[in-house]
Every structure is written in C-alpha cells, then in structure tokens.
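*Asks:* Handing you this structure, nothing more for now.
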Amino acid sequence: MKFTTALILSSVIYAAAATRVSNGCNQNNCYRAVKADAFPTRPGTADCSSYFSTTIEQKTSTEYVEGVKTIVTYYETTIPTHIPAYASACDGPAKYSSACSCIGVTPVTTIIIPTCGPGTLSCYGGPCQDILSDPNNCGACGNTCESGTCINGQCSVVTCDGSSCGSLNGCGAGCFCFKEASGKGFCGPNTSCAPLKDCNANADCEIGEVCAISTCCSRKVCLSSCALSRRSLASNFVGSRDVNAGWTGGAPPPSLF
C-alpha cells in the first residue's frame, strides 16, 4: 500500500485566497448596501465574513492501480458564493468582495484535517489506520506482521503457537515464546511477574500488549512484545531481584547474578 498527495496544501490555500482579491474601494450603491448606513439592522459585516470563509478539508480515496491498493490524499475546497439580496447593487462577486474588503472584512481559510480516534493512527499523511488489528500497521505505522495476524497492536508469531510454561522456546535475546488470551503465540520478554498488570482478555491491556496466559507467572498478565518495544530489559529488572517473585520465562536472566 502506498500513499500519494494529489494537491499541495499551500497551493490550495493560495488559490482560494486569490479568488477574494479586492478591486479597490468605491463609494457606490454596492458599498452603501453592504455597509448598511441607512439600514443598521442588515448583517453586512456578518454576511461578508461568511462569504470570505473558505474551508479546505483533507479527504482520502481508494484507488487500485494494476491491482495495487493506493490511498490518495486530496483537499476539497469550499468557497461560499451566496450574495445577499440586499446587495443586488453589487452586480457580481468581484464588486461584492471589493465592498466587503472596504468595510474591513478579510478572508479567512479554515483547514480541516481529520483526527484519528483511539486505536487508530494516521500513517504517512494518509487516512487513519487500525493499529490494533491491521497486520500492515500493527501497533505502529509500517510494522508488518509476518504471521498476518495483529492482536491489540502486537504481531502473533506462528512458531510460538502452543507455548506453555516448562516448554518455552527462545525467540531472541531475553525473549521467549508465550501464548495470549485468544490462543495465538507471540514473542515477549523474560521479565519479573511482580509489576505486570492482571488481565483476563487482550482488551484489558494497553495497546501493544496482550494478555499472556502461558507464562510462568501464577496469573494471567499483560505483556509487551519484544519485537515492538526494542528496548533494554534492564528497566524491568530494577527493583525486581527477588527471584521468588516469579519471572515470565521461569527464571531470572543470568545478568542479575
């Protein structure tokens, strides 16, 4: 999947503003109607502000080029065109815009960019992606799951399926194969059980964590992924030197001794 931008935002803003150029101030009937000297109840300034309010909204569309899914980002511009009836003497947008400028109203451009909700993230300027279950953006943009399965922002690992305490295979430095609440295998760190949060389902854990049910802790615990965290496990060992507290991998790492 790739992302492309159809228009350059700055160009869009410039083009929108260019349509509102004042042609100078003339004390004519158009100006007097907009200024509303004789009719103070007319909302001349408010109507001009509305007329000068340009909205640029970021949108996306899905296209398929030679079978490849492409997300195209583009910008839709909305420019009001309604001229109030009392300004009929203005005879067109140019004169009405000029009169509005002459009473001190200036163009305003509002840019609307959709915000992503919980469990989603905008990747590479494109639409919001589901990072909880999208195997192409699992837990973070571009994190692809080789297994094709993403669980709560963490990739499952097929080679870790069926793991249980007493027969945990290693899957990297300081990491072991575990099983999460839905039964899939994953690669997690060997860390102290004491500070880990209790859980019954993956939804009980933070994004990027799963509810591990096959560790050597005496309970189900929320555990992060070795592949995603990419950090030293030393921070987990601090204050956890009590070997009786239990470790996810069954025993504390040799570095503690």
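*Asks:* Can you tell which of 96, 86 is assigned by TED's automatic domain parsing to the domain that holds residue 49, in contact (Cβ under 8 Å) with a residue 60 or more places away in the chain and among the aromatic types (Phe, Trp, Tyr)?
*Replies:* 96
*Asks:* Looking at residue 165 and the list (1) under 30 Å from residue 117 (Cβ atoms); (2) surrounded by fewer than 23 Cβ atoms within 10 Å (Cβ to Cβ), which single condition is not satisfied?
*Replies:* Looking at each condition in turn, residue 165 falls short on (1).
*Asks:* Among the aliphatic types (A, V, I, L, M), farther than 25 Å from residue 27 by Cβ and outside the structural domain of residue 29 (by TED's automatic domain parsing) - does that describe any residue in segment 114-127?
*Replies:* Taking every residue of segment 114-127 in turn, at least one turns out to be among the aliphatic types (A, V, I, L, M), farther than 25 Å from residue 27 by Cβ and outside the structural domain of residue 29 (by TED's automatic domain parsing).
*Asks:* Which condition breaks for residue 137 when tested against (1) under 21 Å from residue 203 (Cα atoms); (2) in contact with a Ser or Thr (Cβ under 9 Å, 6 or more places away or on another chain); (3) in contact (Cβ under 8 Å) with a residue 24 or more places away in the chain?
*Replies:* Condition (3) is where residue 137 drops out.
*Asks:* Sticking with this one: Considering only residues that are aliphatic (A, V, I, L, M), modelled with pLDDT under 70 and in contact with a helix residue (DSSP H, G or I) (Cβ under 9 Å, 6 or more places away or on another chain), which ones fall in segment 1-54?
*Replies:* The answer is 21, 38.
*Asks:* Given the options 125, 104, 142, 117, name the one that is of a type outside the set (A, V, I, L, M), modelled with pLDDT of 90 or more, assigned to a loop (DSSP other than H, G, I, E, B) and out of contact with any Lys or Arg (no Cβ under 9 Å at 6 or more places or on another chain).
*Replies:* Testing whether each residue is of a type outside the set (A, V, I, L, M), modelled with pLDDT of 90 or more, assigned to a loop (DSSP other than H, G, I, E, B) and out of contact with any Lys or Arg (no Cβ under 9 Å at 6 or more places or on another chain) leaves just 104.
*Asks:* Is segment 206-228 home to any residue that is outside any loop (DSSP other than H, G, I, E, B), within 26 Å of the chain's Cα centre (by Cα) and free of Cβ contacts under 8 Å to residues at least 24 places away in the same chain?
*Replies:* No, every residue in segment 206-228 fails to be outside any loop (DSSP other than H, G, I, E, B), within 26 Å of the chain's Cα centre (by Cα) and free of Cβ contacts under 8 Å to residues at least 24 places away in the same chain.
The rows are residues; the columns are (1) touching a residue at least 24 places away in the same chain (Cβ under 8 Å); (2) surrounded by fewer than 18 Cβ atoms within 10 Å (Cβ to Cβ); (3) in contact with a strand residue (DSSP E or B) (Cβ under 7 Å, 6 or more places away or on another chain).
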position: 116; (1), (2), (3): no, yes, yes
position: 124; (1), (2), (3): yes, yes, yes
position: 131; (1), (2), (3): yes, no, yes
position: 141; (1), (2), (3): no, yes, yes
position: 145; (1), (2), (3): no, no, yes
position: 153; (1), (2), (3): yes, no, no
position: 169; (1), (2), (3): no, yes, yes
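*Asks:* Within segment 122-131, can one find any residue that is more than 23 Å from the chain's Cα centre (by Cα) and of a type outside the set (S, T, N, Q)?
*Replies:* There is no residue in segment 122-131 that is more than 23 Å from the chain's Cα centre (by Cα) and of a type outside the set (S, T, N, Q).
*Asks:* To continue, here is another question. For segment 177-192, check the following and say yes or no: at least one residue is of a type in the set (Val, Ile, Thr), within 23 Å of residue 246 (Cβ to Cβ), free of Cβ contacts under 8 Å to residues at least 60 places away in the same chain and not assigned by TED's automatic domain parsing to the domain that holds residue 77.
*Replies:* Within segment 177-192, one or more residues are of a type in the set (Val, Ile, Thr), within 23 Å of residue 246 (Cβ to Cβ), free of Cβ contacts under 8 Å to residues at least 60 places away in the same chain and not assigned by TED's automatic domain parsing to the domain that holds residue 77.
*Asks:* Moving to a separate point now. Give the residues of segment 145-195 that are within 28 Å of the chain's Cα centre (by Cα) and part of a loop (DSSP other than H, G, I, E, B), sorted by residue number.
*Replies:* Hits for segment 145-195 are 145, 146, 147, 148, 149, 152, 153, 156, 157, 181, 182, 184.
The values are calculated or read from the model by the stated rules, or taken from the named source; none is laboratory data. Quick caveat, the model's predicted, so the values are computed rather than measured. With ideal geometry, Cβ positions are generated from the backbone for all residues, glycine too; neighbour counts draw on all protein chains shown.
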